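The values are calculated or read from the model by the stated rules, or taken from the named source; none is laboratory data. Remember, it's a predicted structure, so these values are computed and weren't measured experimentally. All Cβ positions, even for glycine, are placed from backbone atoms using ideal geometry, and neighbour counts span all protein chains on display.
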C-alpha cells in the first residue's frame, strides 16, 4: 500500500480538512509576523547603522539588542527543535503501546479466522474482521493493517485497500524480521505531514511470527499543538524583545551618560575651566576615572594658579628691578654728564662726584649679584652640599671677621658660647653667608652698642641667636622685611648712602630653608632686633661610625 492513500471515514476526512485549514491559517499568520519582524529588523538596522559610528550610546544599544535578539532567536529555535523531538518520541512510544493493545485485543478474539488466508475466508468472516478492525481504528484514531511475513495484507481497517494481492511496504517486513517491535516515521506525499507507524508481531510471543500488525497515525493534533506552541513562543519573544529594548536603552544610558559627563569635564579642562565633577559615577571604573580626572583638574588648576602667580611675580620683579636700577643709573648718568660737559670745574666737587659714581656702581653690582643669587634659589638651580658643621665655631669665625666693620660705629660683637660644640648638617659656605649678612645688617642698625652672637643646643635643635640693641624695626615694617626690595624707613642717616639691595633677608631666609632650618625675628623700635635661626642637631658620632659624608 502507499502511504499517501486516504484511509479514514468521511467524518474523519472533514475533521482533517478543518485541521489542515487551521494549520494553513496559522502558517499564514506566522509568515505575516515573520515578515513584520523582518521589516522591523531592516528598518532598525538601517537606522542603527547610520547612528552606530556617532556615539557610544548607540553602539552599546545596538550591540546589546543584537546580542539579545540573536540569543533569543537561537533559544527559540533550539527550544522548538527539542520540544518537537520530545513530542515525536512520545507519540512513537504511545503508538507502540497502542499497537500492543491492538494485538492484545486480537488475542482476545476466539475466532480462528485470523489464521485463515484471505482468499479462503468467508464473506462473513471478512466482514467481521473488517468491523472489528474499524472499531479498534476508531478507538485509537489510527489505521490498522495486518500482514503476513511475505508482506501480503490479510486484513485492514481501510476497506478500499483490501485488494487481492496487495502488499505492504518492504521496510515494514524488514522491521518485523529484524526487530519485531519497533516504530518508524514517514511523510504523507499529499500533505507533507509526518506519519508515525508502529510494527508488532501478531499473536503470543511464544508462537512463531506469522503475521504482523501495522499501526499508522497522522500527526494532525501534534502539528496543531506545535504550531500553537510556536505562535506562543513568537508572541512571548516579541514581549521579551520589548523588555530587552527597554533594558538595553537603560544600560546604554547607564554606561554612556557618566562617560559623557567625563567628556564634558575633559572638554572644560582643555578650555581652561577646571570644573570638578562632584557626582559619584555608577560604575567603579568610571568612578575611578572621574576621581583621577578630578585630581588632574586640581593639579592643573594649581599649576595654572602657580603659573599665574609666577608670571605676576616675574612682572613685579622686573618692575622692581627696573625701579631699583633706574635710580642709581640716573645718578651715575647725571654725574658723568656734569663732569664730561665741564659743568663742574672744581676738583673737589669732581672728586665727590666720582666717589658717588663709584658708590652707586658698587650698589648696582651688589644688586645684580643678589638678583642672580635669588634667581638661582627660586629656580632650584642652587644646590648645597650638606656636611657636618660646627655652628659654634663657624659663628665665632664670622664674628671675628666682622669686628673691623663693627668698630666703625663703635659697636662691639660679643660671643655667648653656651655649648662646646653645636653640630648641624649643612653647607658651611651658605651658613657663613647667612651669618655674615645678618651681622652686616646689625652693624648698620647699631651705633655705640653691642651685638650678641649666641649658640645653644636644646630639644634636638641647634639655635643661633644674633641680637643687637640698635634702632630696631617698627611694627609696620616688621611683617614686610622678608619681601623683595623692601627697606625699613628708619635707617640710620650715616648709612643711607650705603643702602642694601633689599634682597638680603629674602636670600637669608631661602638659604636657611634650603638647609632644613627655620628663621624668625623679634624687634622693638628703639630697643633692637633679634634673629633666631634653628637647625636640627646632628649626632657626629653616629655619622662617623657609619662613614657617611654629605646628605
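The set of residues in the stretch 389-413 being outside any helix (DSSP H, G or I) and surrounded by fewer than 16 Cβ atoms within 10 Å (Cβ to Cβ) consists of 408, 410, 412. For residue 453, are the conditions met, namely being touching a residue at least 60 places away in the same chain (Cβ under 8 Å), within 23 Å of residue 511 (Cβ to Cβ) and in contact with a helix residue (DSSP H, G or I) (Cβ under 9 Å, 6 or more places away or on another chain)? When the stated conditions are applied, residue 453 does not pass them. Residues in the stretch 298-313: is at least one at pLDDT below 75 and outside the structural domain of residue 28 (by TED's automatic domain parsing)? Yes, the stretch 298-313 has at least one match. Within the stretch 527-538, identify whether any single residue is within 29 Å of residue 321 (Cβ to Cβ), surrounded by fewer than 19 Cβ atoms within 10 Å (Cβ to Cβ), in contact with a strand residue (DSSP E or B) (Cβ under 9 Å, 6 or more places away or on another chain) and modelled with pLDDT of 90 or more, and answer yes or no. Within the stretch 527-538, none of the residues are within 29 Å of residue 321 (Cβ to Cβ), surrounded by fewer than 19 Cβ atoms within 10 Å (Cβ to Cβ), in contact with a strand residue (DSSP E or B) (Cβ under 9 Å, 6 or more places away or on another chain) and modelled with pLDDT of 90 or more. Looking at the stretch 246-256, is at least one residue under 18 Å from residue 169 (Cβ atoms), modelled with pLDDT under 80 and crowded, with 17+ Cβ neighbours inside 10 Å? The answer is no; no qualifying residue exists.
For residue 414, indicate whether it is touching a strand residue (DSSP E or B) at 6+ places or on another chain (Cβ under 8 Å) and under 26 Å from residue 527 (Cα atoms). Answer is yes for this residue. Put simply, of 71, 105, 67, 113 the only residue that is part of a helix (DSSP H, G or I), out of contact with any strand residue (DSSP E or B) (no Cβ under 8 Å at 6 or more places or on another chain) and at pLDDT below 80 is 113.
Scan the stretch 456-488 for residues that are in a strand (DSSP E or B), free of Cβ contacts under 8 Å to residues at least 24 places away in the same chain and crowded, with 18+ Cβ neighbours inside 10 Å and the total you get is 0. I'd like to know if the stretch 228-246 contains one or more residues that are closer than 27 Å to residue 294 by Cβ, part of a helix (DSSP H, G or I) and in contact (Cβ under 8 Å) with a residue 40 or more places away in the chain. Taking every residue of the stretch 228-246 in turn, none turns out to be closer than 27 Å to residue 294 by Cβ, part of a helix (DSSP H, G or I) and in contact (Cβ under 8 Å) with a residue 40 or more places away in the chain. Part of a helix (DSSP H, G or I), within 60 Å of the chain's Cα centre (by Cα) and closer than 21 Å to residue 509 by Cα - does that describe any residue in the stretch 381-388? Looking through the stretch 381-388, none of the residues is part of a helix (DSSP H, G or I), within 60 Å of the chain's Cα centre (by Cα) and closer than 21 Å to residue 509 by Cα.
Checked against (1) in contact with a helix residue (DSSP H, G or I) (Cβ under 8 Å, 6 or more places away or on another chain); (2) modelled with pLDDT of 80 or more; (3) under 30 Å from residue 326 (Cβ atoms), residue 367 passes all but a single condition, namely (2). Candidates in the stretch 494-514 are the residues that are crowded, with 20+ Cβ neighbours inside 10 Å and part of a loop (DSSP other than H, G, I, E, B); of these, the one that is modelled with the highest pLDDT is 503. Output the residues belonging to the stretch 126-153 that are modelled with pLDDT under 80 and buried (at least 19 other Cβ atoms within 10 Å of the Cβ). Matches in the stretch 126-153: 129 only.
Applying the set (1) surrounded by 15 or more Cβ atoms within 10 Å (Cβ to Cβ); (2) in a helix (DSSP H, G or I) to residue 365 leaves exactly one unmet item: (1).
In this entry, residue 231 is excluded by the filter for residues that are farther than 30 Å from residue 57 by Cβ, assigned by TED's automatic domain parsing to the domain that holds residue 148 and over 28 Å from the mean Cα position of the chain (by Cα).
Beta carbons closer than 6 Å, at least 6 apart along the sequence or on distinct chains, pair a first residue in the stretch 366-385 that is within 16 Å of residue 503 (Cα to Cα) with a second that is in a loop (DSSP other than H, G, I, E, B) and modelled with pLDDT of 75 or more for 370/503; 374/503.
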